[in-house]
1. So for segment 131-138 (the condition being outside the structural domain of residue 307 (by TED's automatic domain parsing) and without any contact (Cβ under 8 Å) to a residue 40 or more places away in the chain), does at least one residue qualify?
2. For segment 304-339, which residues satisfy the criterion of being out of contact with any strand residue (DSSP E or B) (no Cβ under 7 Å at 6 or more places or on another chain) and modelled with pLDDT under 95?
3. Within segment 174-185, can you find the residues that are surrounded by 14 or more Cβ atoms within 10 Å (Cβ to Cβ) and either touching a residue at least 40 places away in the same chain (Cβ under 8 Å) or more than 12 Å from residue 223 (Cβ to Cβ) (or both)?
4. Out of all the residues in segment 39-73, which are buried (at least 16 other Cβ atoms within 10 Å of the Cβ), in a helix (DSSP H, G or I) and at pLDDT below 95?
5. For residue 212, all conditions in the list (1) part of a helix (DSSP H, G or I); (2) under 18 Å from residue 143 (Cβ atoms) hold save one; what is the number of the exception?
6. Out of 233, 246, I need the residue that is assigned to a helix (DSSP H, G or I), at pLDDT 95 or above and in contact with a strand residue (DSSP E or B) (Cβ under 7 Å, 6 or more places away or on another chain). Which one?
7. For segment 353-360, indicate whether the set of residues that are within 16 Å of residue 261 (Cβ to Cβ) and either in a loop (DSSP other than H, G, I, E, B) or in contact (Cβ under 8 Å) with a residue 60 or more places away in the chain (or both) is non-empty.
């Protein structure tokens with residue numbers, strides 16, 4: 001009779017299995033994966049990921065209407081992001097793609113992705129300092145401003161030529177410069193053309209405070225006339241300490257009903273801003289800006305006068321000078337005269353100095 005074998009009765013004890021071992025291994029693997037994921041997220045979020053070079057700061061501009069691809073192009077083209085994948089991961093987690101805000105943003109070497117995305121997503125942009133001076137025409141103003149903010153020159157020019165819009169501001173094309181005071185202003189880069197001009201109107205209203213308005217009344221000029229006279233003073237001399245005296249000469253002429261005979265108005269009338277010498281032939285031009293033919297002030301400013309020129313008119317020097325002429329030493333200052341005879345002598349000296357330098361036009 002063959003012997004029947006059954007493991008239960010083999011005489012060997014069965015191996016004692018640990019019932020939780022597989023679960024422990026699974027949990028351990030999951031923990032490792034979770035740790036790895038957390039580490040990836042942590043390093044993606046908090047590790048420095050912006051490089052701006054030796055300057056430690058850099059700026060990017062995000063135009064209005066940009067999408068995430070545009071933003072990435074700006075960052076990547078200039079090498080501002082070290083790890084692109086980590087930046088894009090944080091951007092997706094923060095849903096930045098749905099919250100692109102235009103503007104000019106300041107980046108620094110110490111920034112991580114959370115800081116970078118947080119700044120861009122919130123629209124926390126860095127303002128720009130808008131500076132403009134030595135402006136002759138509205139077209140020139142538009143070109144200068146468009147290089148400093150997002151608004152293009154065409155959109156600015158169109159508004160500056162929009163009579164309905166200008167009328168809402170209380171000005172015309174001739175008096176436009178009465179609401180624009182040259183200075184340094186802070187703007188956000190994505191400022192529109194209308195926002196810029198509206199801000200200028202607001203700044204102009206602040207400039208014409210009660211003290212300046214009182215002085216304006218004392219010289220018996222309105223705001224347009226004062227700005228127009230200041231624009232002539234601006235182009236007569238760049239010496240701030242001399243401007244009140246020059247303004248005094250023109251106010252004396254206005255008071256006595258004389259022709260202003262201001263050479264800068266002829267330059268404006270001819271539109272030749274490179275003209276260095278005004279000749280008798282230039283005085284024949286038919287233009288309301290020809291102050292050798294028409295009494296009083298021209299229709300509007302011939303440039304955008306500086307604050308120093310405006311205040312020179314309001315605080316003009318009281319004297320009895322009626323003439324002035326550039327000094328023959330080319331110092332930029334002028335010789336002043338009470339009589340025509342003295343003035344003619346001063347003018348002759350200056351003309352001879354021009355001839356010696358071969359300046360004939």
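The values are calculated or read from the model by the stated rules, or taken from the named source; none is laboratory data. Nothing here was measured: the structure is a model prediction, and the numbers come from that model. Methodologically, a virtual Cβ is constructed for each residue, glycine included, from the backbone with ideal geometry; neighbour enumeration extends over all protein chains shown.
1. yes
2. 328, 329, 330, 331, 332
3. Those that are surrounded by 14 or more Cβ atoms within 10 Å (Cβ to Cβ) and either touching a residue at least 40 places away in the same chain (Cβ under 8 Å) or more than 12 Å from residue 223 (Cβ to Cβ) (or both): 174, 175, 176, 177, 178, 180, 181, 182, 183, 185.
4. Matches in segment 39-73: 44, 45.
5. (2)
6. 246
7. no
Residue by residue, here is whether (1) more than 22 Å from residue 78 (Cβ to Cβ); (2) exposed (fewer than 15 other Cβ atoms within 10 Å of the Cβ); (3) at pLDDT 95 or above; (4) over 22 Å from the mean Cα position of the chain (by Cα) holds:
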{"site": "116", "(1), (2), (3), (4)": "no, no, yes, yes"}
{"site": "121", "(1), (2), (3), (4)": "no, no, yes, yes"}
{"site": "124", "(1), (2), (3), (4)": "no, yes, yes, no"}
{"site": "128", "(1), (2), (3), (4)": "no, no, yes, no"}
{"site": "137", "(1), (2), (3), (4)": "yes, no, no, no"}
{"site": "142", "(1), (2), (3), (4)": "yes, no, yes, no"}
{"site": "148", "(1), (2), (3), (4)": "no, no, yes, no"}
